[in-house]
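Structure record follows, encoded as structure tokens.
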Amino acid sequence: MRSDAVKKGPAAAPQRSLLRADGLVDDDFDKPFIGIANSWNEIVPGHIHLNEIVEAVKEGIIEAGGKPFTFGVPAVCDGIAMGHNGMRYSLISREVISDCCEVMVEGHALDGWVGVSNCDKVTPGMLMAMGRMNVPGLIVTGGAMEPGVGKNGNMDLQSVFEAVGAYSAGTIDEDELHTVECTACPGRGSCSGLFTANTMACLTETIGLSLTGCATALADDNKKLQIARETGKRIVKMVKKNVKPRDIVSRDSFLNAIRVDMAIGGSTNTALHLPAISKDFGCPVTLDDFDKISRDTPHITSLRPAGPYAIKDLDRAGGIPAVLKTLKDKLINAPTANNGRSIFEIADAATVLDPEVIRPLDNPFHKQGGIAVLKGNIAPEGSVIKQAAVSPRMMKFTGTAKVFNGEAAAAEAITSGKIVAGDVVVIRYEGPKGAPGMPEMLSPTSLIIGRGLGEEVALITDGRFSGASRGGAIGHVSPEAYAGGPIAALNDGDIIDIDIPERKLNVRLTDEEIAKRLKEATRVRRSVHGVQKKYRQLVSSGADGAYLNRFKPFRGTPLGFTQPIPIAI
């Protein structure tokens, strides 16, 4: 075992001595060492209960003959970070989390590990580390909270952001805003709709690195603790049999994940996370894969923000196994970590318990999948929209650009009534490098919806959107403005054409006009420090998953050498 490096033979006596200080005894040095990456904290509602899940994982590890070691990793609540400088750290945290897991697992020669995760960037970060290290590993996602209950049905964080827009428009008063605020998020767990956290939980189960039922079991459902305990047992078995993540996950697994993502109408953030994760597994998928699969995948369940249902309803209808059963003829059989059961075996054993929540392929909510990839002279490398959450009136839209070099200015213009029907709000310099950190734009999109302009105003940005965003919101415009992308050439008054069925995003300018404007444009440069500075130097395009190029060449001349030498950093 890998851990023999720190526990076997006379040369390991110093390491054993330190481990004895942790409370280990002779018998423990014959057991597999299993790490548990715990993203618990007291800030993020989706993580405040994770210590209980960790305890269940530990019980399973001990029962199966392993020795557990828990360590912490950070987590950012995107909702709390929204709308201020904190949101510039959210996507950056994905890379930090991935590195933390790698440092702890490799630094201590652990034989295997379990990531106890939940919210938006933690699960992708842990999966990236699994692919990179290829050490036996599994994920337990913490589960969604119960939905809030309002006069119009299910409520969640999206309801609060949109209520702010309604309040700014004068359609609700402060008392009603306060009622929504106090009702929408009733308890612990990730937000109750199909936002990024829950989408990634569903895709982790699909690729086979969390156990069946994990994705949709709610935070306060005892089933979650049973799954956690079984995960602890399973990881020890995987270590003993030397079953590694790359033995389970292949390009076929990622194609299946994209298929499920399109069928359930998941968050547009998956168009960042799956390409990044797949790179670390050595089998990249691209935006072109998303669009190709979306065109051939009906949207069969309509969860918030696209529809009325919550994760609780998806779980009640049979969860991801029932989705797999419905999609089986469109999937590729692939292994999972579920005691050797394949995707098809899990699908065959499943039952669709509510055919209105999970519809058959011949009666979908929409004929195509949840995400569309648009290209054109504004976004030559691509852009992303959650088409399942777009009204039919907005599927083709022509409007007049109102351009802002940042989210705050755009939000102020929307709130003050300066944005009117027929406008296309353009928010730029919010991309991976430009922000840096590619912040989410839930505030401006929700303000547009809340002010009753959801079918009359579009928004495009080189930033990204929350999984809770809906409407004519196009993100990930690539190349970004900071990198000299055409979005930097747009001016107030330009006419923009959006055609989602044809996958087009264009401004009525010639290539020559765009090139001339770009030469004359002044790049917005925000000062950065610390982790933001490092991120800006290394991050790739949003169309490439905002993946860090960790091997950029050194372009200077090291001391003592007369010629520059490329070195890995």
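Observations
- Within the range 255-290, tally of residues that are touching a residue at least 40 places away in the same chain (Cβ under 8 Å) and touching a Leu at 6+ places or on another chain (Cβ under 9 Å): 23
- Qualifying residue in the range 357-366 (condition: buried (at least 16 other Cβ atoms within 10 Å of the Cβ) and outside any loop (DSSP other than H, G, I, E, B)): yes
- Answer residue from the range 375-394, given it is within 21 Å of residue 545 (Cα to Cα) and among the basic types (Lys, Arg) and is most open to solvent (accessible area, probe 1.4 Å) among those: 375
- Residue within the range 14-28 that is open to solvent by less than 10 Å² (accessible area, probe 1.4 Å), at negative phi and in contact with an Asp or Glu (Cβ under 9 Å, 6 or more places away or on another chain) present: no
- Which listed residue, of 422, 431, is in contact with a strand residue (DSSP E or B) (Cβ under 8 Å, 6 or more places away or on another chain) and on the phi > 0 side of the Ramachandran plot: 422
- Residues being assigned to a helix (DSSP H, G or I), open to solvent by 20 Å² or more (accessible area, probe 1.4 Å) and modelled with pLDDT under 95 are entirely absent from the range 183-202.
- When residues of the range 203-239 are limited to those that are of a type in the set (Val, Ile, Thr) and assigned to a loop (DSSP other than H, G, I, E, B), the one surrounded by the most Cβ atoms within 10 Å (Cβ to Cβ): 216
- Applying the set (1) of a type in the set (A, V, I, L, M); (2) outside any strand (DSSP E or B); (3) in contact (Cβ under 8 Å) with a residue 24 or more places away in the chain; (4) surrounded by fewer than 21 Cβ atoms within 10 Å (Cβ to Cβ) to residue 177 leaves exactly one unmet item: (3).
- The range 375-386 residues that are at positive phi, paired with ones that are crowded, with 24+ Cβ neighbours inside 10 Å and of a type in the set (Gly, Ala, Ser) (beta carbon under 6 Å, 6 or more apart): 382/478; 382/543
- Selection from the range 223-245 of residues that are among the polar types (S, T, N, Q) and touching a strand residue (DSSP E or B) at 6+ places or on another chain (Cβ under 7 Å): 231
- Any hit, the range 41-60, residues being surrounded by 23 or more Cβ atoms within 10 Å (Cβ to Cβ) and closer than 27 Å to residue 539 by Cα: yes
- Residues of the range 120-159 satisfying the condition of being of a type in the set (D, E, K, R), more than 17 Å from residue 208 (Cα to Cα) and either touching a residue at least 40 places away in the same chain (Cβ under 8 Å) or open to solvent by less than 20 Å² (accessible area, probe 1.4 Å) (or both): 120, 121, 146, 156
- One residue stands out among those in the range 487-527 that are small (Gly, Ala, Ser) and under 27 Å from the mean Cα position of the chain (by Cα): the one that is surrounded by the most Cβ atoms within 10 Å (Cβ to Cβ), which is 488.
- With respect to the conditions (1) touching a Gly at 6+ places or on another chain (Cβ under 6 Å); (2) of a type in the set (A, V, I, L, M); (3) over 13 Å from residue 387 (Cα atoms), residue 458 lacks only one, and its number is (3).
- Helices (runs of 4 or more DSSP H) (entirely within the range 242-355) containing at least 3 residues that are closer than 29 Å to residue 93 by Cα and open to solvent by 30 Å² or more (accessible area, probe 1.4 Å): 251-264
- Residue check: residue 568 meets all listed conditions (1) in contact with a Phe, Trp or Tyr (Cβ under 7 Å, 6 or more places away or on another chain); (2) open to solvent by 10 Å² or more (accessible area, probe 1.4 Å); (3) at pLDDT 95 or above; (4) not hydroxyl-bearing (Ser, Thr, Tyr) but one, namely (3).
- When residue 103 is tested against (1) crowded, with 19+ Cβ neighbours inside 10 Å; (2) under 25 Å from the mean Cα position of the chain (by Cα), exactly one condition is not met: (1).
- Lone unmet requirement of (1) of a type outside the set (D, E, K, R); (2) over 18 Å from residue 197 (Cα atoms); (3) touching a residue at least 40 places away in the same chain (Cβ under 8 Å) for residue 183: (3)
- Among all residues of the range 551-560, there is none that is modelled with pLDDT under 95, more than 30 Å from residue 289 (Cα to Cα), open to solvent by 50 Å² or more (accessible area, probe 1.4 Å) and in contact with a helix residue (DSSP H, G or I) (Cβ under 8 Å, 6 or more places away or on another chain).
- From the options 451, 464, residue that is touching a His at 6+ places or on another chain (Cβ under 9 Å) and under 24 Å from residue 303 (Cα atoms): 464
- Residue 372 falls short on exactly one of the conditions (1) open to solvent by 10 Å² or more (accessible area, probe 1.4 Å); (2) at pLDDT 95 or above; (3) not in a loop (DSSP other than H, G, I, E, B), and that condition is (1).
- Some residue of the range 447-460 being assigned to a loop (DSSP other than H, G, I, E, B), of a type outside the set (S, T, N, Q) and touching a Pro at 6+ places or on another chain (Cβ under 7 Å): no
- Some residue of the range 462-483 being closer than 24 Å to residue 514 by Cα, open to solvent by 10 Å² or more (accessible area, probe 1.4 Å), hydroxyl-bearing (Ser, Thr, Tyr) and not in a loop (DSSP other than H, G, I, E, B): yes
- Residue pairs meeting the criteria (Cβ under 6 Å; at least 6 apart or on separate chains; first without any contact (Cβ under 8 Å) to a residue 40 or more places away in the chain, in the range 479-492; second open to solvent by less than 40 Å² (accessible area, probe 1.4 Å) and part of a helix (DSSP H, G or I)): 489/514
- Residue match in the range 400-411 (condition: surrounded by 24 or more Cβ atoms within 10 Å (Cβ to Cβ) and assigned to a loop (DSSP other than H, G, I, E, B)): no
The values are calculated or read from the model by the stated rules, or taken from the named source; none is laboratory data. Small disclaimer: the values here were computed from a predicted structure and weren't measured. Neighbour counts are summed over all protein chains in view; Cβ atoms, including those assigned to glycine, are modelled from backbone coordinates with ideal geometry. Protein only, heavy atoms only, side chains kept; ligands, DNA and RNA dropped before computing areas. Shrake-Rupley method; radii C 1.70, N 1.55, O 1.52, S 1.80 Å.
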